[in-house]
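No value in this document is a laboratory result; all are computed from the given coordinates. Bear in mind that the values here come from a model prediction, so they are computed numbers and not experimental data. Heads up, the Cβs are rebuilt from the backbone with ideal geometry, glycines too, and the neighbour counts pull from every protein chain shown.
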């Protein structure tokens, strides 16, 4: 009996873990307790030395001294400050005006702003709530299909999960033992591709069912000039001139690739902002304007997010800053922006600080719990057991990827991404590595997949947040005075389903076109791949980490 | 029960206060890190002590705020199965978890982290990096964390038993109400549908 137990410790331990977690006690402590209980059993069975548990404090210390985890509180704090800084409202309002008159325009605006917010605030709840409060009532007023409206809002909000600087990618890079900067670069294009897919879906809907996403009547659009014109031409000219300016500045700089794009955009943005500022000043002083109202307004609302994106992502991509430094600069930048917009109050700062502290505590404690678990699990060769099972799947790389993605997709119904990332990913990583799969590519693919955990009815958190702000009862529209029907929970659920499917298409695209991710290898400061290999492979060492490089737990 | 509940309230008050005050170290860490990044780029100067200070500050935040997070019931749970159970069973699971998961964990951690700290303190262990900080204060944080977490575990146990006996109302809200609260808080700061349209 005892021999059977001793030989099958890994599967038994894993089964016990599933039960422990499903009990619904906080994950961090269930994980750790599972590790402890089986460590005691292991010591009793003479599998471990009696001083086995002495290694625990050192594991916690390893988590503490891991610099990269600092990016978690920094980006969280930045997002919490930004979500209250009024940036989201300004963007939604202005971009809604810009796209409003075309069919499906408001939906495109939501996707566009969702992507911009994702690249700055990175908080799903904030994006969904602000879009639900600002855009949803307008979409309903002009007769948008409720399922389309709520689906596009929930999905665009979840872009924050995949477009850097997302916490998921930090945790994923950590668990897979890769650099966060590479993970960010790898995830950027798939993130934008997903936003594009959402827009394509909206476009198809407007083709096949034009009534479900009508354009706004011209009279209802704001920022028009006195003549009643919208001034789109002026905006177009400004955009082109700014782009050309950026290009001229950068033409002879000798940079290329991502560096070139980032810096060109930066100079273009500075130029456009300067022009809009001069326009504003001459308008105030002499009543003379050379830009349309719309062009000026769009420039003013686009500059803060674009500048923050440059400050954070741009500096990371061109290798100027580490993700931790980028996070610190971004958080400081967010404070400054909120201060300029006069939104920074004592109360806001306190709320953001306290929320950041609590989020950090629960996230890092899951990691600590996972490390206590892994101490024992690796001690009983659990990692080899899992790896053996996964690498013996039929179909080689592709078979493995399809199985793993299906597995994660199902788990995402029940678990959120922190749990998936800390418990499941470390078990998958070594097998993927063994099959010769690029771990950044693998991580981004799973990231796109795990995004669905926010959209799955009925537990998806994005749906949850949308439900909490969408009208539950019929109401009088404040502008037209018409009685409006409520948005039902069923409509929110049905609306999410096309986007869950789009997400799967996204996963398939990442699998079929690895270049979307693996271009990260061509840019930025390069690490010798052979060196990385050496760091990663330490299968037989005592479990200091999740069997992965020590740099980051 | 009266005395125990008083004890529980005292523990809650301590951990609440510690959490609230120490959460501000997040802002300090951000400022330290931003300053480090800037001086590194602009003046090409960096100091290991300042670099290490970043993670020591953050460690103090997540370690010493975790009892407060437990108090606020914000350590995440997988409640998909749990939420289908009757309330009494869920309370029972919490009592079980406090007794057999949390408290043993904190005791093992206290017992192992005290010598871990003392060994370091006795030799006044310095950083491995030139000009870095002493290591023992950071190591002391581990022991303090699990000591406070142990106290909070006792307090949560007392409260859960009291809830089951009907002595006090349940201090936890449901996750749904938490999401709604956040939405409400957030709504208050938004100006609804600014203008035009």
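Once fully extended, how much extra length lies between residue B:17 and residue B:49, figured as 0.36 nm per residue of separation less the alpha-carbon to alpha-carbon distance?
8.7 nm
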### Query
Percent of alpha carbon pairs in chain A separated by more than 35 Å?
40 percent
### Task
Between residue A:278 and residue A:227, take the C-beta separation as r, use R0 = 30 Å, and let me know the FRET efficiency to the nearest 0.05.
0.85
### Task
Mind giving me the nanometre distance, one decimal, between the label points for residue B:24 and residue A:220, set 7 Å out from Cα along Cα→Cβ?
4.9 nm
### Query
Going by a ≥ b ≥ c, the root eigenvalues of the Cα gyration tensor, does segment A:237-318 fall in the rounded group (a/c under 1.5), the prolate group (a/b larger than b/c) or the oblate group?
prolate
### Projected-area average for chain B over all orientations - Cα convex hull basis, square nanometres
17.6 nm²
### Summary
Checking B:116, B:146, B:85 against a Gaussian network model of chain B (alpha-carbon springs below 10 Å), the top fluctuating residue turns out to be B:85
### Query
What Kirkwood hydrodynamic radius do you get for segment B:85-132 when you take the inverse of the mean 1/r over all pairs of distinct Cα atoms, in Å?
13.8 Å
### Query
Could you give the angle, 0 to 90 degrees to the nearest 10, between helix B:175-189's Cα long axis and the longest principal axis of the Cα atoms of chain B?
60 degrees
### Query
In degrees between 0 and 90, to the nearest 10, how far off the longest principal axis of chain A does helix A:346-379 point, with axes built from Cα atoms?
30 degrees
## Note on the structure
Across A:71-79, the residue-averaged tally of Cβ atoms belonging to other chains within 10 Å stands at 3
### Query
In nanometres, what is the gap between the two model label sites at residue B:125 and residue A:14, each 7 Å from Cα along Cα-to-Cβ?
3.5 nm
### For segment B:23-93, the spread of Cα positions along each principal axis, largest first, Å
62, 20, 16
### Message
Please compute the average number of Cβ atoms from other chains found within 10 Å of each residue's Cβ in peptide A:93-100.
### Response
2
### Task
With a point put 7 Å past each Cα toward its Cβ, work out how far residue A:509 is from residue A:236 in nm, to one decimal.
2.6 nm
### Task
Evaluate Rg over Rh across segment A:115-200, taking Cα atoms for both radii and Kirkwood's formula for Rh.
1.07
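Can you pull the Kirkwood radius for segment A:398-493, inverse mean 1/r over Cα pairs, to one decimal in Å?
Kirkwood hydrodynamic radius for segment A:398-493: 15.7 Å.
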## Note on the structure
Averaged over all viewing directions, the convex hull of the alpha carbons in segment A:156-213 casts a projected area in nm² of 4.2 nm²
### Query
Going by average Cβ neighbours within 10 Å, how do the peptides A:504-510, A:388-394, A:325-331 rank, with the highest at the top?
A:325-331, A:504-510, A:388-394
### Task
Give, as ranges by residue number, the residues of segment A:205-236 whose backbone N falls under 20 Å from the point 7 Å along Cα→Cβ of residue A:286.
A:226
### Message
What is the angle, in °, between the Cα long axis of helix A:180-208 and the longest principal axis of the Cα atoms in chain A? Nearest 10 is fine, range 0 to 90.
### Response
50 degrees
#### Entry: Per-peptide average of other Cβ atoms within 10 Å, ordering A:397-407, A:21-31, B:89-99 highest first
A:21-31, B:89-99, A:397-407
### Query
Percent relative contact order of chain A, based on C-alpha pairs within less than 8 angstrom and at least six residues apart?
25 percent
### Query
Between residue A:497 and residue A:200, what length in nm is gained on full extension when 0.36 nm per residue of separation is reduced by their alpha carbon distance?
105.4 nm
